[in-house]
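Worksheet: the structure to be examined is printed underneath.
Just so it is clear, none of the values below were taken in a lab; they were calculated from the coordinates. Please read all numbers here as calculations on a predicted model, not as lab measurements. Positions of Cβ are generated from backbone atoms using ideal geometry, with glycine treated the same way; all protein chains shown enter the neighbour counts.
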Amino acid sequence: MDDCEAAAVVGCERCPALVDSRSRIVNGTGPADADLLFVGEGPGATEDDRGEPFVGRSGSVLDDALRDAGLARADVRITNCVRCRPPENRDPTAEELGNCRDHLRREIELVDPSVVATLGKVPAEHLLGRSVGVTGEAGSVEELRIGGRARRLVICLHPAATLYDRSQAEPFASAVETAAELAGVDGAGGGQSRLDGF
Ligand code: URA
């Protein structure tokens, strides 16, 4: 379900290898005016099959962390750096990330979140334009100009990291909580509220 049709990409063929490997383009989901946007790397097999980001095992981890932060998936927007599943789940290449950059930038401009939370190394490095050690930097917050204005970016581990190493579960949950607090998102499940309105 995508509440932001304008941000949906249809029929893109910029990356020949991804056109071959994808079943479909996986666009972002969630409110068109979300205050908090999560950005992952790219769709995996389940996402490619179902056409929604983070609906496989990593998605369950993200859902749990959102719930622990008092949120539901319906409170936030979720997207990826590339919208087509790379073959064998390899990382997207620099060229593929570059080809999909305009799609992500446009989604950020349209949704206009105050906080962007990166899920894993690839989106953190892609958006920050520097090398990132996600384990050491998880939970850190940077202000950067992205999609036309200054926003806060929260570095989170990739949720899959918690499946391989349980000790990463707490830092992951804590970074998601930081992102939720900064965005002032409440857990109504039907939208956003800005705490700075009080
Ligand atoms: N991993 C990602 O980075 N994105 C998804 O949508 C699913 C798994």
**Study point:** segment 8-56, subset closer than 22 Å to Gly120 by Cα and free of Cβ contacts under 8 Å to residues at least 12 places away in the same chain, residue farthest from the ligand (Cβ to nearest atom)
**Key:** Arg50
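Against the definition (touching a strand residue (DSSP E or B) at 6+ places or on another chain (Cβ under 6 Å), surrounded by fewer than 20 Cβ atoms within 10 Å (Cβ to Cβ) and part of a helix (DSSP H, G or I)), how does Leu182 come out, yes or no?
Numbers: touching a strand residue (DSSP E or B) at 6+ places or on another chain (Cβ under 6 Å): yes; surrounded by fewer than 20 Cβ atoms within 10 Å (Cβ to Cβ): yes; part of a helix (DSSP H, G or I): yes.
Yes.
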Check your understanding: Residues of segment 97-110 being within 17 Å of the chain's Cα centre (by Cα) and either polar (S, T, N, Q) or under 16 Å from Gly120 (Cβ atoms) (or both), which ones?
Key -> Leu97, Cys100, Leu104
Review point. What number of residues in segment 80-120 are free of Cβ contacts under 8 Å to residues at least 60 places away in the same chain, out of contact with any His (no Cβ under 7 Å at 6 or more places or on another chain) and under 11 Å from Gly40 (Cα atoms)?
Key: 1
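From the residues in segment 66-78 that are within 16 Å of the ligand (Cβ to nearest atom) and buried (at least 23 other Cβ atoms within 10 Å of the Cβ), which one is farthest from Ala8 (Cα to Cα)?
The qualifying residue farthest from Ala8 (Cα to Cα) is Leu66.
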Review point. Counting only residues that are over 13 Å from Val176 (Cβ atoms) and among the acidic types (Asp, Glu), which one in segment 68-96 is nearest to the chain's Cα centre (by Cα)?
Key: Asp91
Revision key, fill the gap. Here the residues within segment 38-62 that are buried (at least 23 other Cβ atoms within 10 Å of the Cβ) and either of a type in the set (Ser, Thr, Tyr) or under 12 Å from the mean Cα position of the chain (by Cα) (or both) are Phe38, Val39, Gly40, Glu41, Gly42, Pro43, Pro53, Phe54, Ser58, Leu62
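Yes/no per residue for (1) part of a loop (DSSP other than H, G, I, E, B); (2) among the charged types (D, E, K, R):
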position	(1), (2)
Glu47	no, yes
Gly59	no, no
Asp64	no, yes
Arg83	yes, yes
Pro92	yes, no
Glu96	no, yes
Leu110	no, no
Pro113	yes, no
Ala117	no, no
Point to revise | Criterion violated by Tyr164 - all others in (1) under 17 Å from Asp91 (Cβ atoms); (2) under 15 Å from the mean Cα position of the chain (by Cα); (3) within 15 Å of the ligand (Cβ to nearest atom) satisfied | key: (2)
Exercise for review: Name the residue, out of Gly98, Gly133, that is more than 12 Å from the ligand (Cβ to nearest atom), surrounded by fewer than 23 Cβ atoms within 10 Å (Cβ to Cβ) and within 17 Å of Leu18 (Cα to Cα).
Suggested key: Gly98
Review point. How about segment 148-167: which of its residues are hydrophobic (A, V, I, L, M, F, W, C) and assigned to a helix (DSSP H, G or I)?
Key: Ala160, Ala161, Leu163
Exercise for review: Identify all residues within segment 114-130 that are among the basic types (Lys, Arg) and either closer than 22 Å to Leu62 by Cα or within 16 Å of the ligand (Cβ to nearest atom) (or both); write none if there are none.
Suggested key: Lys121
